[in-house]
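This report refers to the structure that appears directly beneath it.
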Amino acid sequence: MIPQLDFIRSTITPLLGFTNIALPDTEADDLMGCYSIAACRDDTEVVLATNDKDLYQLVGPWVKVYTTARPTWLRRKTLRLARRRRSHQEWGVPPALIGDVLAISGDYRR
């Protein structure tokens with residue numbers, strides 16, 4: 001996919017009406033987290049579309065995570081919007097501690 005990135009960024013992304021946001025040596029989840037936190041300061045609702053478990057720690061009053069990841073209790077994939085209560089039920093800890101759970105478990109969970 002690396003050879004296709006320039007074409008995607010310069011041609012496809014603008015055709016879809018999106019602005020490409022990229023920084024050298026910066027992962028997408030880090031940018032998503034930074035922009036989410038900045039948006040929350042302005043009381044802007046944020047919906048992140050990702051399967052990255054690390055971003056669940058941002059779930060709160062202004063941030064929700066839209067994911068296609070399959071819960072362990074469901075055999076088929078499903079689209080779902082993670083909110084604070086659902087994240088707490090699924091992970092057993094509040095969103096702020098999800099990073100700790102992932103670090104302790106070796107990022108093995110889900």
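The values are calculated or read from the model by the stated rules, or taken from the named source; none is laboratory data. Just so you know, these numbers come straight off a predicted model, no measurement behind them. Using ideal geometry, Cβ is built from the backbone for each residue, glycine included, and neighbour counts are taken over all protein chains shown. Note: accessible area is taken over every heavy atom of the protein model, side chains too, but ligands, DNA and RNA are not part of it. Shrake-Rupley method; radii C 1.70, N 1.55, O 1.52, S 1.80 Å.
Side notes on the structure shown:
- Long-range neighbours under 6 Å by Cβ, at least six apart or interchain, first residue loosely packed, with under 10 Cβ neighbours inside 10 Å within region 1-29, second in a helix (DSSP H, G or I): none
- Qualifying residue in region 30-53 (condition: part of a helix (DSSP H, G or I), open to solvent by less than 80 Å² (accessible area, probe 1.4 Å) and at pLDDT below 85): yes
- Filtering region 54-67 to residues that are open to solvent by less than 80 Å² (accessible area, probe 1.4 Å) and either in a strand (DSSP E or B) or over 15 Å from residue 95 (Cβ atoms) (or both) leaves 63, 64, 65, 67.
- Residue within region 9-17 that is within 18 Å of the chain's Cα centre (by Cα) and either farther than 26 Å from residue 93 by Cα or assigned to a helix (DSSP H, G or I) (or both) present: no
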